[in-house]
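These notes are about the structure you will find just below.
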Amino acid sequence: MVAKLDAADEATFQAVNRPVPRLHLEDILAGLREFRKKYRSRLALQMMFVEVNKNCAADMARIAEMLSPDEVQINTPLRPCSVKPLPPEEIAAIKSEFKNLKTAGQTTGYNCNEKA
């Protein structure tokens, strides 16, 4: 199971994900917390970093710690889209925020195409 999370606060959630008006980050986080309590199989948490949310990495690492995923996938856009990918040195800085992440007894993985 892969869950997607791109923000640590409501303003960033709205800016990055542009959800329908009635959907809020706290609802997503509450759902993920409840899901994780019941779901005991492998859970990956996919996080897409762009210019708008790159400064949220430490807060997103704290959220990841709370959710206890088995893997955290740190990504930046690689296909053509409306936002530019982050350069490798910024992804490396983001990854460093997750270095002490303790997951549910599993090794945490990082995924990012270093050519970004």
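Return VAL20, VAL50 ranked ascending by Cβ neighbour count within 10 Å, so the fewest neighbours appear first.
On the way: VAL20 6, VAL50 19.
Listing VAL20, VAL50 from fewest to most nearby Cβ atoms yields VAL20, VAL50.
Starting from the Cα of LYS84, draw a straight line to each of the aspartates and glutamates and keep only those under 13 Å, dropping any in the same chain fewer than 8 residues away.
GLU51
Can you compute the FRET efficiency between LYS102 and LYS4 using 1/(1 + (r/R0)^6), with r the Cβ-Cβ distance and R0 = 22 Å? Round to the nearest 0.05. Walk me through the numbers on the way to the answer.
Numbers: r = 21 Å, r/R0 = 0.97.
That gives a FRET efficiency of 0.55.
If I compute Cα extents along the principal axes in Å from the structure I just sent, which labelled value in (i) 45, 32, 19; (ii) 43, 39, 30; (iii) 37, 36, 22 lines up?
It is the one labelled (iii).
Label LYS95 and LEU23 with points 7 Å out from Cα along Cα→Cβ: what is the distance between them in nm?
3.0
So how strong a dipole does segment 2-96 carry about its Cα centre when Lys and Arg Cβ are +1 and Asp and Glu Cβ are -1, to the nearest 20 debye?
Numbers: 14 positive and 13 negative charges, 84 e Å.
It works out to roughly 400 debye.
Evaluate the distance, in nm, between pseudo-label points positioned 7 Å from the Cα of LEU78 and of ARG42 along their respective Cα→Cβ axes.
So the two model labels end up 1.8 nm from each other.
Can you give me the Cα centroid spacing of segment 1-34 and segment 48-81 in angstrom?
12
The numbers here are math on the coordinates, done by the rules we state, and not lab data. Only a predicted model underlies this, so the values are computations on that prediction, with no experimental measurement involved. Heads up, the Cβs are rebuilt from the backbone with ideal geometry, glycines too, and the neighbour counts pull from every protein chain shown.
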